[in-house]
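The values are calculated or read from the model by the stated rules, or taken from the named source; none is laboratory data. Note that the structure is predicted; figures quoted are calculated from it, not measured. Here the Cβ positions follow ideal geometry from the backbone for every residue, glycine too, while neighbour counts run over all protein chains shown.
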Amino acid sequence: MKQISLTFLIEIWAGCKLPNWLNSSLKQQLKTLAGYSFYFTASTNVLQKLRAGMLIDEILTKFQSFNSNGAKKLNDNKKLNIYSTHDTKTTALLSALGIFNNLPPNFGSTVIFELYSTQNDENFVKIFYLYDTESEQPELLNLPA
């Protein structure tokens, strides 16, 4: 079922002519089924650790390399790190953070982590999700407490 629903979703995203019997209700059902197929690839803590743990560790290590006033502790002059991955890894990352919306990620969907420092010299992170490349305004995500 996953392959059928993903095939039609890819054809929809690519602007292909679809069969007449594929109405809007069926398209929504296929999208929901595809979302479940992504959900199940990272639905447990063990799967989340295996699929997203190394990426989360890498991001945390980069952020922890800054002190509270923004100066680097390590000898690394990078101010931007970009990681490219597949939709299943994006799903695992969002699931591990507790913020997966049960929708299959679109092509080019983007998760953005930004590190900020307050005037009190405390660091905090904002996480944004750009669901598709047609939108220019990513959604601010809130981690569950």
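Brief remarks on what is shown
- Filter pass, G70 being assigned to a loop (DSSP other than H, G, I, E, B), at pLDDT below 90, over 10 Å from the mean Cα position of the chain (by Cα) and surrounded by 11 or more Cβ atoms within 10 Å (Cβ to Cβ): yes
- Summed over segment 5-44, the residues that are within 23 Å of the chain's Cα centre (by Cα) and either in a helix (DSSP H, G or I) or more than 28 Å from L97 (Cα to Cα) (or both) give a count of 24.
- N45 closer than 20 Å to L140 by Cα, touching a helix residue (DSSP H, G or I) at 6+ places or on another chain (Cβ under 9 Å) and either surrounded by fewer than 17 Cβ atoms within 10 Å (Cβ to Cβ) or modelled with pLDDT of 90 or more (or both): no
- Output for segment 96-111, where each listed residue is on the phi > 0 side of the Ramachandran plot and of a type outside the set (S, T, N, Q): G98, G108
- Considering residues of segment 90-143 that are in a loop (DSSP other than H, G, I, E, B) and β-branched (V, I, T) only, the residue surrounded by the fewest Cβ atoms within 10 Å (Cβ to Cβ): T118
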